[in-house]
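The values are calculated or read from the model by the stated rules, or taken from the named source; none is laboratory data. If you're wondering where the values come from, they're calculated on a predicted model, not measured in any experiment. Every residue, glycine among them, receives a Cβ derived from its backbone with ideal geometry; neighbour counts consider all protein chains shown. Remember, those area values only see protein heavy atoms, side chains included, never the ligands or the DNA or RNA. Shrake-Rupley method; radii C 1.70, N 1.55, O 1.52, S 1.80 Å.
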Amino acid sequence: MNDDFDFDFDLDELAPADDASADAVERFWSGDLRALSQHHTTPNGSHSFVVAHDQSVTWGVPGEPQVMAIAVARDLSRFTFTLETSYHATVSFAQAWLVERGCPPEKIAKIHGDAVKPADDLTIQVERQIRESGTRYEVLDTHTSDFDPSETWTLTRDTQPSEAPIRVFHEVWDHAAGTYTMREGAFADEDAAHAWLDDRDGPLPEPPEYRYADGAVLRARAALSRSAGTPAIPKAGVDAPRTPPAAPDRRPAQGRLL
């Protein structure tokens, strides 16, 4: 375990509570991580929740998720800890993972530093929906493009709607403006969703429940209709996070978290 990790999570006097935590510590390297949001419980500091950007992913296979969620639970009476980590394409899905592990949503919602900002109210609304979704969305696939066009998408199965249960959450960054947008699209099945992601032959289909939206959501839809079109990239799947190769060519890194 490296010194940065010891400093960040104050585990010097604690031992891993299980094999999974011991393995996670062995794999953990904080040198390439940039914390975006974090919450530590008080007064005893029993839990830590962190959202971070893993800059080392730009050395790896194109398309891999770059956002890491980290959850640490300390048992101060037994001098042990558990450590869990998980990779996500967007901050909001990383936050949702941490909320499922006990972090209050409002404590992890604010992103610090010079990261790009939400461009409009609809982006804020969709991100809040994801952050507070619990186990509603089953993530099926993701893709991250950290060079032009800068975007991510997360393909999910929504357990709530009776129609168009496949949902695509599409995030696009405008580096010149220092902003990004997040939109939700709805599809009947995975093939239809992948066809749109491959071809981008029309606007992202909005969820059917938008038809029954209240005034606030209708105003958000108006913002959606005014937003600029998004560029296309080839679809690519995402593998599980892995150790970066020894000497790859580094790709240009313009990702929204840099």
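With the whole protein complex present, Glu64 retains an accessible surface near 20 Å², based on a 1.4 Å probe. Here the gap between Asp19 and Asp75, fully extended at 0.36 nm per residue and compared with their Cα-Cα distance, gives a gain of 18.6 nm. With θ taken as phi - 60° and the Karplus curve 6.51 cos²θ - 1.76 cosθ + 1.60 applied, the whole-hertz 3J(HN,Hα) list for the stretch 73-88 is 10, 10, 9, 6, 6, 10, 6, 10, 8, 10, 9, 10, 9, 7, 9, 9 Hz, x standing for glycine and proline.
Peptides 69-76, 91-98 ordered by packing proxy, namely the average of other Cβ atoms within 10 Å per residue, highest first: 91-98, 69-76. Taking all protein chains as they are arranged and a probe of 1.4 Å, the heavy atoms of Trp196 leave approximately 20 Å² accessible to solvent. The spacing between the stretch 14-84 and the stretch 102-156, judged by their C-alpha centroids, is 19 Å.
Note on Thr41 and Ala195: the model spin-label points, each 7 Å out from Cα along the C-beta direction, lie 4.8 nm apart.
Taking the inverse of the mean 1/r over every pair of distinct Cα atoms in the stretch 20-73 gives a Kirkwood hydrodynamic radius of 12.4 Å.
Suppose accessible area is computed on protein heavy atoms with a 1.4 Å probe; arrange Glu13, Glu184 from highest to lowest. Numbers along the way, then the final one.
Values: Glu13 150, Glu184 10 Å².
Descending order: Glu13, Glu184.
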